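K.L.:
This structure is in structure tokens; I'll ask about it shortly.
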Amino acid sequence: MQYTLHEIKSITGATFVKGNSDAVIQHLSIDSRNSINELTLFIAISGVRNNGHKYISDVYESGGRNFLISEKTDTDQFPDANFLLVEDTTKALQDLATTHRKKFNIPVIGITGSNGKTIVKEWLSYLLGDSFIVCKNPKSYNSQVGVPLSVWQLNEKHTLAIFEAGISQVGEMEKLRTIIQPDIAVLTNIGQAHDENFTGNEQKIAEKVQLFRFAKRIVYCNDHPIADNIIKNSVASFVNRFTWSKRNNSSLLITKTSNQGNGTLIEGLAEGNRQHITIPFKDAASIENAITCWLTLIAVGKNDEAHRSRFMFLQPIEMRLELKQGINNCTILNDSYNSDLGSLSIAIDYLNQQHRNNKKTLILSDILQSGKQTEQLYKEVAHLISNKNIQRIIGVGEEISSQADSFSMEKLFYKNTDEFIRDFRNIDFYNEAILLKGARSFEFEKINSLLQNKSHETQLVINLNNFIHNVNHYRSLLKPETKMMAMVKAQSYGSGSYEIASLLQYHRVNYLAVAYADEGVELRKAGITLPIMVMSPERESFDSILVYQLEPEIYSFDVLHAFAEAATRLSHKETRVHLKIDTGMHRLGFLPEEVEKLCEDLKQHPTLKIASVFSHLSASDNPAFDEFTREQISLFKEACLQIEKEMGYGFLKHICNSGGISRFPEAHFDMVRVGIGMYGIGVSEEEEKKLLPVCTLKTVVSQVKTVKANETVSYNRSGKISKDSQIAVIPIGYADGFNRRLSNGKGFVWIHEKAVPVVGSVCMDMCMIDVSGMNVKAGDEVIVFDNIPKIRQMANTIGTISYEVLTSISTRVKKIYVQE
């Protein structure tokens with residue numbers, strides 16, 4: 001469907017600032033980095049951490065011509081653009097979605113809860129997919145802006161909508177309810193997510209069930225007495241309540257759950273009739289989510305044998321995009337758990353954040369249950385991927401193959417996945433970013449396995465959502481005008497320099513910092529364009545610094561004169577440098593008494609331009625040394641004033657590291673430097689409650705064997721076995737970063753959520769652990785660490801700090817980047 005700007009003006013109560021009110025709008029966007037064209041309305045959202053108005057120029061340059069704004073803007077600099085002005089752009093977006101929703105008289109399922117919303121939504125979409133053409137949130141788009149963007153996808157082809165709604169504070173659900181207007185409202189599991197923003201569980205549940213107001217049917221578990229009472233008191237008596245329980249009277253009484261092969265048989269009385277479903281999972285969360293789906297089928301009127309039989313084909317829902325290293329220097333983005341236009345667009349936008357590989361390839365299966373005619377659907381797909389600069393498409397499936405002529409770029413087509421696999425050796429994959437996007441029935445995991453680098457089974461999983469959450473936490477402590485420099489030295493604390501730098505660039509950090517020039521050169525070669533400071537410039541690297549437009553730290557007179565000579569020899573243009581002042585760390589830097597001579601020498605090299613002056617706090621995280629820290633800050637201020645006066649121009653000033661950002665807001669100056677805090681390690685337990693863990697180091701069990709009493713394990717017979725024991729071998733050793741000081745019971749790993757000790761000496765490539773009485777088998781997952789307390793425990797055991805634990809992880813450990 002489409003709207004004119006005149007209609008949008010009427011819906012939102014906007015003032016027309018300039019342009020053509022007859023301009024047609026089909027798409028909405030709140031992110032300037034995504035693909036935008038002349039049919040897109042860019043809505044400049046003003047949030048706590050960012051402001052869309054700052055990126056209007058970027059949108060205009062990329063082809064956007066329609067803008068909804070809430071701040072005064074110099075619109076004259078954007079000829080042929082259309083501008084609407086409202087008081088609140090978030091409310092305007094919600095009003096647009098509310099109006100759009102009212103145009104459709106189809107059943108709508110609204111889902112809320114603390115856990116399981118996205119899984120229940122995706123499973124219901126599959127279970128009902130043969131009976132309805134379903135519209136749903138892409139991924140977990142369930143926020144105050146995510147829900148309206150999801151509802152905007154509704155079109156005349158859809159016969160059912162399933163939308164999840166997430167909240168984090170009081171007052172939010174009523175806004176989402178108005179947008180979704182659910183006929184059927186579903187409550188999933190109630191957990192502890194966002195507890196900090198509510199007075200208690202009762203208030204949080206009461207807020208969530210606001211979604212139930214005006215719904216005709218509601219679905220929930222009545223084993224939770226608080227939720228049951230709140231719902232009974234909140235909804236009208238004529239509303240149909242569909243409940244499930246393991247002990248109370250209910251619409252669906254679960255009588256038994258039992259293991260059945262690799263899955264679970266769930267038996268129950270559905271409105272008095274004995275029925276069952278079988279699911280391919282054994283964990284409690286999946287069982288609860290499946291029962292919620294079963295009950296929803298009852299509420300929808302689709303609880304027949306054909307629909308119940310589909311439960312056995314449910315797939316685990318990967319709610320995260322996985323970025324991995326592939327064969328032949330390729331990068332693999334695996335998003336193959338579903339395939340629809342909305343999630344395809346999101347995945348391609350993420351693919352385009354990757355600048356290491358210039359060529360972009362999409363491997364796409366048939367898109368099932370889209371509600372569109374085949375020819376029209378793939379014309380839209382072709383238009384989408386062409387606009388998003390995909391250079392090659394590999395289509396898998398009979399439908400997409402039949403529409404090969406719709407695609408103008410480089411292309412290959414196969415009738416099914418097996419046909420692709422048979423031809424795999426003949427397909428050229430080299431130095432490209434590859435997006436896998438397939439419906440579940442096409443089993444793209446087989447293709448993913450072929451494309452991945454075959455490295456050993458120890459993995460470092462980096463959660464990019466949590467990483468950006470932490471970056472935004474530190475941003476929230478700054479004034480809007482204060483810049484941020486992110487430290488990506490030492491392989492970004494072990495997590496991979498390029499991938500983290502690319503993410504930081506996408507999220508508009510102002511500066512990056514590396515230790516050595518070769519790190520900066522690699523980032524430049526991979527497409528990173530942000531300013532990069534080199535903290536330890538070496539003489540032999542000066543040419544590279546100048547060629548790749550890196551910016552060196554100048555910390556001594558020798559370095560100053562040597563670099564000035566190189567700059568004069570290689571370049572006649574202005575070269576940016578950063579001056580390091582030693583205010584008490586007594587590592588690198590000019591002493592305060594050397595500042596006068598420093599300025600005199602700088603004047604002899606007019607092509608060197610001071611980009612920033614900075615210093616390093618030696619104990620910003622330790623309250624015992626706060627007086628010393630304040631002395632450092634005072635010395636730094638004096639040095640900056642002296643340099644500014646002598647040189648006659650201004651520059652950026654920065655002294656705060658992660659600890660300083662939190663504890664010394666008066667010293668934020670023009671820029672701050674954030675490092676270990678981005679990985680969830682804060683200056684205090686209180687701060688760490690506001691941060692999220694980023695890195696999970698995990699491996700698998702290679703072998704389990706029984707070792708008899710009085711036998712020994714590992715080198716030099718170091719592991720003495722006092723009784724018959726089950727010993728597991730895991731493929732991680734000191735060459736991977738698992739320190740030898742964790743040997744002989746000092747170190748622990750976690751299997752089945754239980755800590756198990758290391759037995760004997762840690763070897764180079766593996767170590768042994770005691771799993772007696774745990775029913776552990778080869779292939780079971782082993783967690784080395786997945787949160788900050790475990791990292792700290794490991795650091796304390798080996799007598800070091802968390803920084804060293806992270807930076808010691810070997811480059812041979814496979815790194816997997818995940819993002820929801």
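The values are calculated or read from the model by the stated rules, or taken from the named source; none is laboratory data. Model, not experiment: these values are computed from the prediction. Here Cβ is always computed from backbone atoms with ideal geometry, including for glycine, and neighbour counts include all displayed protein chains. Each accessible area value is taken on the protein alone, full model and side chains, heavy atoms only, with ligands, DNA and RNA left out. Shrake-Rupley method; radii C 1.70, N 1.55, O 1.52, S 1.80 Å.
K.L.:
How many percent of DSSP beta bridges within region 265-412 run antiparallel, rounded to 5? Numbers along the way, then the final one.
P.N.:
Numbers: 10 of 18 bridges.
Antiparallel bridges: around 55 percent, rounded to the nearest 5.
K.L.:
For the chain, with every protein chain kept in place, what is the accessible area per residue (1.4 Å probe, Å²)?
P.N.:
43
K.L.:
Something else now. How many angstrom lie between the Cα centre of region 213-274 and the Cα centre of region 635-689?
P.N.:
Region 213-274 and region 635-689 have Cα centres spaced 55 Å from each other.
K.L.:
Can I ask one more? Once fully extended, how much extra length lies between K446 and D543, figured as 0.36 nm per residue of separation less the alpha-carbon to alpha-carbon distance?
P.N.:
So the chain would gain 30.3 nm between K446 and D543.
K.L.:
When the solvent-accessible surface of protein heavy atoms is calculated with a 1.4 angstrom probe, in what order do K256, K815, K723, K446 fall, highest first?
P.N.:
K723, K256, K446, K815
K.L.:
List the residues whose amide H sits under 5 Å from the amide H of I816, counting only those 5 or more places along or on another chain, with H placed 1.01 Å from N in the peptide plane.
P.N.:
Hits under the 5 Å cutoff: L460, V461, I462.
K.L.:
Using DSSP, restrict attention to beta bridges with both residues in the chain and report what percent are antiparallel, rounded to the nearest 5.
P.N.:
Percentage antiparallel, nearest 5: 40.
K.L.:
Label the chain by shape, choosing from rounded, prolate and oblate, from the square roots a ≥ b ≥ c of the eigenvalues of the Cα gyration tensor; if a/c is under 1.5 it is rounded, and otherwise prolate applies when a/b is larger than b/c, oblate when it is not.
P.N.:
Taking the square roots of the gyration eigenvalues as a ≥ b ≥ c, the chain is oblate.
K.L.:
Further question on the same structure: Tell me, what ³J(HN,Hα) does each residue in region 274-281 have, in order and in whole Hz, if you take phi through Karplus 6.51 cos²θ - 1.76 cosθ + 1.60 with θ = phi - 60° and put x for Gly and Pro?
P.N.:
Computed from phi, the couplings for region 274-281 are 6, 9, 8, 10, 10, 10, x, 9 Hz.
K.L.:
Which of the lysines could be linked to K603 by a straight reach, that is with a Cα gap under 22 Å, when you skip same-chain ones fewer than 8 residues away?
P.N.:
Straight-line reach from K603, under 22 Å: K573, K580, K637, K645, K653.
K.L.:
Across region 325-336, in residue order, what do the Karplus-derived ³J(HN,Hα) couplings come to in whole Hz, using 6.51 cos²θ - 1.76 cosθ + 1.60 with θ = phi - 60° and x for Gly and Pro?
P.N.:
Values per residue, Gly and Pro as x: 7, x, 5, 6, 6, 8, 10, 10, 10, 9, 9, 9 Hz.
K.L.:
Moving on to the next point. Starting from the amide H of V219, placed 1.01 Å from N in the peptide plane, find each other amide H under 5 Å away whose residue is 5 or more places distant or on another chain.
P.N.:
A185, V186, L187, F242
K.L.:
In nm, to one decimal, how far is the T178 label point from the R274 one, both placed 7 Å along Cα→Cβ?
P.N.:
My value for the distance between the label points is 5.1 nm.
K.L.:
Could I have the simple spin-label model distance between K720 and S402, label points 7 Å from Cα toward Cβ, reported in nm to one decimal?
P.N.:
7.5
K.L.:
Which distance in Å, rounded to a whole number, links the C-alpha centroids of region 342-370 and region 423-450?
P.N.:
12
K.L.:
If you don't mind, there's one more thing I want to ask. In whole percent, how big is the carbon plus sulfur part of the accessible area of the chain, probe 1.4 Å, protein atoms only?
P.N.:
Percent of accessible area from carbon and sulfur atoms in the chain: 46.
K.L.:
Also: Can you tell me how much longer the chain between D74 and S21 gets when fully stretched, taken as 0.36 nm per residue apart minus their C-alpha distance, in nm with one decimal?
P.N.:
Full-extension gain reported as 17.2 nm.
K.L.:
For region 52-68, in order, what is each residue's ³J(HN,Hα) by Karplus, 6.51 cos²θ - 1.76 cosθ + 1.60 with θ = phi - 60°, in whole Hz (x at glycine and Pro)?
P.N.:
Residue by residue, region 52-68 yields x, 5, 5, 10, 4, 4, 4, 5, 4, 5, 8, x, x, 10, 10, 9, 10 Hz.
K.L.:
At T374 and I801, where each label point lies 7 Å from the Cα along Cα→Cβ, what is the point-to-point distance in nanometres?
P.N.:
According to this spin-label approximation, the distance is 6.3 nm.
K.L.:
Would you mind pulling out the separation of the Cα centroids of region 51-74 and region 610-632, in Å?
P.N.:
Here the answer is 39 Å between Cα centres.
K.L.:
Filter K204/K690; K525/K597; K54/K388; K136/K388; K121/K246; K372/K415 down to the pairs with a C-alpha to C-alpha distance above 27 Å, please.
P.N.:
Where the Cα-Cα span goes over 27 Å, the pairs concerned are K525/K597.
K.L.:
With +1 on the Cβ of every Lys and Arg and -1 on the Cβ of every Asp and Glu, and nothing else charged, how large is the dipole of region 166-289 about its Cα centre, in debye rounded to the nearest 20?
P.N.:
Charge dipole of region 166-289: 400 debye, to the nearest 20.
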